[in-house]
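Accompanying notes for the structure given below.
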Amino acid sequence: MSKTKQHTKYIFVTGGVVSSLGKGIIASSIGALLESRGLKISLSKADPYINVDPGTMSPSQHGEVFVTDDGAETDLDLGHYERFTKANLSRSNSFSTGQIYDAVLNKERRGDYLGGTVMVVPHITSQIKEMIFKASENCDVSIIEIGGTIGDIEGQPFLESIRQIRYELGAQNVLCIHLTLVPYIAAAGELKTKPSQHSVKELRLLGVQPDILVCRVDRPLPEELKQKIALFCNVKREQVIEARDVDSIYKMPVILHGQGLDQTIVDCLNIWTRKPDLTPWFSIVERVENPQGECRIAVVGKYTEVKDSYKSIEESIFHAGLSNRLSIKVNYLDAAEINAQNAAATLADFAGIIVPGGFGDRGIEGKIAAIRYARESRTPFLGICLGMQLAAVEFARHVLLLSQANSFEFAPNSPHLVINLLAEQVGIVNKGGTMRLGAYPCHLSPDSKAFAAYGRKTISERHRHRYEFNNAYRQSFVENGMDFSGLSPDNNYVEIIELVDHPWFVGCQFHPELKSKPMAPHPLFSDFIKHVRRSSQANLV
Ligand code: GLN
C-alpha cells in the first residue's frame, strides 16, 4: 500500500497542575516515536512570556539559550527536540508572546489593520496561528509545545488559537495531549487524581478537550485510577498514559511506546504509517543500563546554581559517556571559588575538565587557574567558546609570558588582547553590533586531534559570541606549541585551538554541545571522554 499524500497534522502538548513536568521531553519523545514510523515531523515551542528575545534572558533564571543553525537564540527545549529527533529546527520553531505582539504591533503601525480595533481575539490569535502554520511547513506531523501551565493568564490566547485550529481543521487533524501530575499524598497513602481533573476542566472551559492524558507519577498508576481519570476527564482508557519518573530521559520513547502511545496517536489522527522501528532507542536504553565504568569530570563555570544553564553540555557529556560505555559523574564547580593556590587540590580528583561558554567577568581568573592546571597536569581538557578564549589567554600569560594578556571583554586596555574584536567587526559593534550567531563552516588541519575526532576535513558548527582570537598572535602561539587546527575557510577566524604536546587539550570557538545526540554523540565530546577514559582506567570494571 502506498502512502497517500496527507496534509500536515498537528499535535499540541500542554501541561497542567505544576510547571517542570517535562513537557519538552514528552513532546520530543512523541516526535521520536512518530519518526520511528517513518513520518517527517517538526517540533516547535510557543512560549507565553513577554520577552521578545530569549537570547537576552539570564541563564540562571531561564536555563541555557539554545542556538539553531540559522542563528536563532531560542528556548532550551529546542535542544531536546533536536537531540531526540532528526528535525532540523530554525527561527520559526520558537516564538513567544512578545514576538507575537511585536509582529501584530508592527502590522498595526504599517496600517495593515486599516485603522480597525486591534484585539487579542482575533488579531493576536491569528498571529499565533500564522506562526504555528509557518513552523509546520513541509512535515507530516507538527508537534507544538505550549509553555507554561494551564490556568496561567499568559497562556490563554494560545489555547484559544488551538481551539480555533481544531475547529477549522477538524478533530482528525488536530490532537491535544495534556501532561498532568498525579501526586502521591503521603498522609492519605494515595495517588490523587483531583488536580488532573481540575486542570482538564480548566482546559475544557477554554474550549479544548484533551485527547490524551500523560500522567506524571512517582510510582505505578493503578489500573482503577487510569479508568477513573479516563471517565472524569472524558477520554478513553487507552488515552491515559503513565509517565513514571525515570533515571534517564532517553528511556521515555520506549516507555511511552510500551503503552501504545504512538499507536493511539496515529489512530486518533487517522494516519497510515509503517511499523515503528525503535531499535536505536532500545540500544540506547541498553547502554544507559550497562556502563562498564565510572569517572568524574569537572565543569568549571559560572551559572552553577541552575542545572539547566548547562543543559546541552550535560547531555553531550552523557551521550559521549554512552558511546564510551561510561557513566560520568559531572561536578559543577563555581569558578569564582577557584584560584591559583587551590586549583590543583580542587581539581585533582577529576579525570577531565571542561570550561564552558559564558559572558561577563565573574570567575574568569578561576577558570584560567583551572585551565592552567589542566594544561600542566596533562588532564584532558575541553574549552568551549569562552573556555577556548580563556585557554588562549592562559597560554599567552604562562607560556608566552605576556602576563597582562586578556580578552577585550574583560580588560579593553590590556597591552596583549589575544582575544579581541577583529578589525572588520569594530564598525558593526560601534553601531550596537551583534554576535556571531548560528552555523559557520570550518576547515580542519590533518594530523590534528580535531581531525582525528571528526574524521573529515570540513565541519559546520554553531556559534554565539562576539570576540575572536586575535590573528596578530598566531605566529607566536604556533611557535610555542599551540596548533590552530580549525580555521574558517578564508583562514581569518580561529575556530579550534589545541596543544600539540598534551594528551587532549582542545578549545573551540563554537558550541559543539548544540549538535550532540544520543545516537550521534558529538565528536569532540566523544574524543574528550575517550581520553578521560584512558586516563582513569582504574575506575573501570
Ligand atoms: N563572552 C564571549 C564572547 O562574547 C564568549 C561567549 C560564549 O562563551 N558564548 O565572545
* Can you tell me how many residues in the range 453-496 are over 31 Å from the mean Cα position of the chain (by Cα) and surrounded by fewer than 20 Cβ atoms within 10 Å (Cβ to Cβ)? -> 9
* Structure fact -> If you go through 256, 269, the only one that is within 18 Å of residue 31 (Cβ to Cβ) and under 24 Å from the mean Cα position of the chain (by Cα) is 256
* Asked: Within the range 348-362, can one find any residue that is of a type in the set (Lys, Arg) and either buried (at least 22 other Cβ atoms within 10 Å of the Cβ) or not in a strand (DSSP E or B) (or both)?
  -> yes
* Asked: Assuming residue 471 fulfils every condition listed in (1) within 16 Å of the ligand (Cβ to nearest atom); (2) within 15 Å of residue 384 (Cα to Cα) apart from one, which condition is it?
  -> (2)
* Asked: Here are 355, 299, 330: which of them is within 16 Å of the ligand (Cβ to nearest atom), more than 13 Å from residue 64 (Cβ to Cβ) and in contact with a strand residue (DSSP E or B) (Cβ under 9 Å, 6 or more places away or on another chain)?
  -> 355
* Taking only pairs six or more apart or across chains, which ones have beta-carbon atoms under 8 Å, a first residue in the range 24-50 that is under 14 Å from residue 257 (Cβ atoms), and a second residue that is of a type in the set (Gly, Ala, Ser)? -> 26/243; 31/87
* **Check on residue 428, at pLDDT 95 or above and either in contact with a Leu (Cβ under 9 Å, 6 or more places away or on another chain) or within 15 Å of the ligand (Cβ to nearest atom) (or both)** => no
* To do: Filter the range 485-514 for residues that are out of contact with any His (no Cβ under 6 Å at 6 or more places or on another chain) and closer than 15 Å to residue 314 by Cα and give the result.
  => 511, 513, 514
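Matching residues to (1) touching a Gly at 6+ places or on another chain (Cβ under 8 Å); (2) within 16 Å of the ligand (Cβ to nearest atom); (3) assigned to a loop (DSSP other than H, G, I, E, B); (4) aromatic (Phe, Trp, Tyr):
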{"position": "345", "(1), (2), (3), (4)": "no, no, no, no"}
{"position": "371", "(1), (2), (3), (4)": "yes, yes, no, no"}
{"position": "376", "(1), (2), (3), (4)": "no, no, no, no"}
{"position": "382", "(1), (2), (3), (4)": "yes, yes, no, no"}
{"position": "391", "(1), (2), (3), (4)": "yes, yes, no, no"}
{"position": "395", "(1), (2), (3), (4)": "no, no, no, yes"}
{"position": "400", "(1), (2), (3), (4)": "no, no, yes, no"}
* Verdict on residue 409 being in a helix (DSSP H, G or I) and either in contact with a Gly (Cβ under 7 Å, 6 or more places away or on another chain) or within 16 Å of the ligand (Cβ to nearest atom) (or both) -> no
* To do: Find the residue count for the range 139-175, including only residues that are under 25 Å from the mean Cα position of the chain (by Cα) and over 23 Å from residue 264 (Cα atoms).
  => 8
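Is it the case that the range 288-305 has a residue that's of a type in the set (A, V, I, L, M, F, W, C), part of a helix (DSSP H, G or I) and farther than 19 Å from residue 84 by Cα? If you could, list the steps in order and put the result at the bottom.
Restricting attention to the range 288-305, the residues satisfying the condition of being of a type in the set (A, V, I, L, M, F, W, C) are 288, 295, 297-300.
In the following step, the residues that additionally are part of a helix (DSSP H, G or I) were identified as 288.
Filter once more, so that each one left must be farther than 19 Å from residue 84 by Cα: none.
No: zero hits.
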* Might you check whether a residue that is assigned to a strand (DSSP E or B) and under 23 Å from residue 270 (Cα atoms) occurs anywhere in the range 205-212? => yes
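Can you name every one of the strands (runs of 3 or more DSSP E) wholly within the range 430-541 that holds 2 or more residues which are among the small types (Gly, Ala, Ser) and in contact (Cβ under 8 Å) with a residue 24 or more places away in the chain? Walk me through it before giving the result.
Values: elements: 436-444, 458-465, 482-487, 494-499, 505-508.
Correct list: 436-444, 482-487.
The values are calculated or read from the model by the stated rules, or taken from the named source; none is laboratory data. Source: prediction; values computed, not measured. When we count neighbours, we look across all protein chains shown, and the Cβ atoms used for this are built from the backbone with ideal geometry, even at glycine.
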